[in-house]
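*Asks:* Input: one structure, supplied below.
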Amino acid sequence: MTTVDHLRQVRLGNLRTVLLALVDRPGSRADLAARTGLTKATLSNLTEPLLANGILLEEPAALTGMGRPSKPLRFHPDGPVAIGAEINVSHLAVETLGLDGETLQRHLVPTDIRKSTPDEVLDRVAELINQISGPRKHLGVGLAIPGVVHDGVVVRAPNLPKLVGAPLAEGLRRRLGLDVELDNEANVAALAHLWPHHLAGEDFVHVSADVGIGAGVVLNGEVYRGVSGFAGELGHVVIERDGVRCTCGSRGCVERYAGLDVILREAGRRRLDSLQKALDAGDPKALKAVRDAGEALGVGLATLMNLFDVPTVVLGGSYAVLHEHLSAAVQSEMDGRVLAGGERHTRLIASPLGEFAVARGAAGLVTRRAVHQPERLFA
Ligand SMILES: [Zn+2]
């Protein structure tokens, strides 16, 4: 490496440090210097191009007692944004996200896409994105799908077989003229609880359900993906060896007992909002459907907890909506089956992000990359 390359790397590393500090919270140059260990001169030097390019904003001076007035720096409210999009079996969702983690626009459309071709799906996603994208500079698009993803292509998606093999990232890139990163929905939903802010600690499992069940396992503040991206397939953990046949080819998988379509069918409801109303009204059939699903989910989760020994389970997506009626059954199965349970009660919490966790996490893929590779902000 030449000296010039080396200096450039050091500068990019320092920029990353400053940006990460600002993601945490705004601060004056003096405050940022104290938090990052950089000198005030270095900080001024680093923040100058960020201010000049409209990435940061310097607030008017605030008098803070003695000494010179401090001028806090924060991400510019008209600065660059990332777009996140979710393709799921029964809905599409999009969200725009600022570098500070603020949601700007979002939109969710219930729709059954199982019969749609890849081109039809991408046309609809592009249309939704165009509706919310707004005038700010776009850093790129994160696209999430319930399937195993490799190199911008879905290689396995038992619940969306028509999209397998289609170059989804490339197709959306062509439609929008923006970089597109494709990832698995369960992994990005977990990421949404890590970036830009930790919402469930450093070690947890995030589990959510549409037709399938997705789980993202987070260890030491990173989503654990496994060797080929198949890790966290909680939906296909077998809880009954000779049980119901599953779309994956196996039998007795958790999602055949705790997937959202199973819950709705058993409850005699067609949609989540109608199920929720039935639960609130104390409908016994609905309550039993959710309790049965909770028990099945708890058995599957206990296996995951015994393998990974994490302290927290986050119920996301439709499980977050149902958590009030679901949690007791899940907790009771886990308490009886998780070996560490005697030492430490597994914490079960509902996701605070609701039904937009996946779209937000997908956008987070892009903002996190931009902060970690700051040269992208100036491209
Ligand atoms: Zn299965």
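The values are calculated or read from the model by the stated rules, or taken from the named source; none is laboratory data. Only a predicted model underlies this, so the values are computations on that prediction, with no experimental measurement involved. When we count neighbours, we look across all protein chains shown, and the Cβ atoms used for this are built from the backbone with ideal geometry, even at glycine. Surface accessibility is based on the protein's heavy atoms, side chains included, excluding ligands, DNA and RNA. Shrake-Rupley method; radii C 1.70, N 1.55, O 1.52, S 1.80 Å.
*Asks:* Over all directions, how big on average is the projection of the convex hull of the alpha-carbon atoms in region 137-224, in square nanometres?
*Replies:* Computing the convex hull of the Cα atoms and averaging its projections yields 6.3 nm².
*Asks:* Next question. If you filter region 3-99 for trypsin sites (Lys or Arg not before Pro), then keep DSSP loop positions with at most 16 other Cβ within 10 Å, what is left?
*Replies:* Numbers: sites: 8, 11, 16, 29, 35, 40, 74; in loops: none.
Of the trypsin sites (Lys or Arg not before Pro), not one in the loops of region 3-99 has a Cβ with at most 16 other Cβ atoms within 10 Å.
*Asks:* Would you mind calculating the gained length between residue 174 and residue 3 on full extension (0.36 nm times residue separation, minus the Cα-Cα distance), in nm to one decimal?
*Replies:* Using 0.36 nm per residue and subtracting the Cα-Cα distance, I get 57.7 nm.
*Asks:* What does the charge dipole of the chain about its Cα centre add up to, to the nearest 20 debye, if the Cβ of each Lys and Arg holds +1 and the Cβ of each Asp and Glu holds -1?
*Replies:* Value, rounded to 20: 460 debye.
*Asks:* With angles folded into 0 to 90 degrees, how steeply does helix 317-337 sit against the dominant principal axis of the chain? Use alpha carbons for both and round to 10.
*Replies:* 70 degrees
*Asks:* I've got another one for you. So what are the chain's ellipsoid semi-axes, whole angstrom, largest first, if each one is the square root of 5 times an eigenvalue of the alpha-carbon gyration tensor?
*Replies:* 40, 24, 19
*Asks:* Still on this structure, please answer the following. Can you list the lysines whose alpha carbon is less than 18 Å from that of residue 277, not counting same-chain residues fewer than 8 positions off?
*Replies:* Here the lysines satisfying the reach criterion relative to residue 277 are 285, 288.
*Asks:* Figure the gain on full extension for residue 345 and residue 376 (residue separation times 0.36 nm, minus the Cα-Cα span) and round it to one decimal in nm. Please report the intermediate quantities before stating the final value.
*Replies:* Values: separation 31, 0.36 × 31 = 11.16 nm, distance 4.31 nm.
Gain in length upon complete extension: 6.8 nm.
*Asks:* Mind checking the per residue accessible area of the chain for me, 1.4 Å probe, whole number of Å²?
*Replies:* Numbers: 17410 Å² over 379 residues.
It amounts to 46 Å² per residue over the chain.
*Asks:* Of 166, 4, 319, whose Cα points farthest to the positive end of the dipole of the chain (charges on the beta-carbon: +1 Lys, Arg; -1 Asp, Glu; origin at the Cα centre)?
*Replies:* Among 166, 4, 319, the one farthest towards the positive end of the dipole of the chain is 4.
*Asks:* With a 1.4 Å probe and every protein chain kept in, tell me what percent of the accessible surface of region 37-177 is carbon plus sulfur.
*Replies:* The computed percentage sits at 51.
*Asks:* Along the Cα→Cβ direction, 7 angstrom out, place labels at residue 242 and residue 332. What is the inter-label distance in nm?
*Replies:* For residue 242 paired with residue 332, the spin-label model returns 2.7 nm.
*Asks:* Please name whichever of 249, 176, 108 sits farthest to the positive end of the charge dipole of the chain, dipole taken about the Cα centre and charges placed at Cβ: Lys and Arg +1, Asp and Glu -1.
*Replies:* Positive-most Cα among the choices belongs to 176.
*Asks:* Across bins of 5 angstrom width beginning at 0, how are the C-alpha pair distances of region 218-368 distributed, in whole percent?
*Replies:* 2, 9, 16, 20, 21, 17, 10, 4, 1, 0
*Asks:* Same structure, new question: Could you please state, rounded to a whole Å, how far the C-alpha centre of region 116-138 is from the C-alpha centre of region 162-204?
*Replies:* About 15 Å separates the Cα centre of region 116-138 from the one of region 162-204.
*Asks:* Same structure again: About its Cα centre, what dipole magnitude does region 3-75 give when the only charges are +1 on Lys and Arg Cβ and -1 on Asp and Glu Cβ, stated in debye to the nearest 20?
*Replies:* Computed about the Cα centre, the dipole is about 100 debye.
*Asks:* Limiting things to C-alpha atoms, what are the Rg and the maximum Cα-Cα separation (Dmax) for region 171-298, in angstroms?
*Replies:* Cα only, region 171-298: 17.1, 51 Å (Rg, Dmax).
*Asks:* Charges at C-beta only: +1 for Lys and Arg, -1 for Asp and Glu. How large is the resulting dipole of region 200-351 about its Cα centre, in Debye rounded to 20?
*Replies:* For region 200-351, the charge dipole is close to 480 debye.
*Asks:* Once you wrap a convex hull around the alpha carbon atoms of region 3-75, what is its projected area averaged over all directions, in nm²?
*Replies:* Values: hull surface 20.5 nm².
For region 3-75, the mean projected area of the Cα convex hull comes to 5.1 nm².
*Asks:* Further, regarding this structure: Note the angle between two axes, namely the Cα long axis of helix 3-24 and the longest principal axis of the Cα atoms of the chain, as a number of degrees from 0 to 90, rounded to the nearest 10.
*Replies:* 60 degrees
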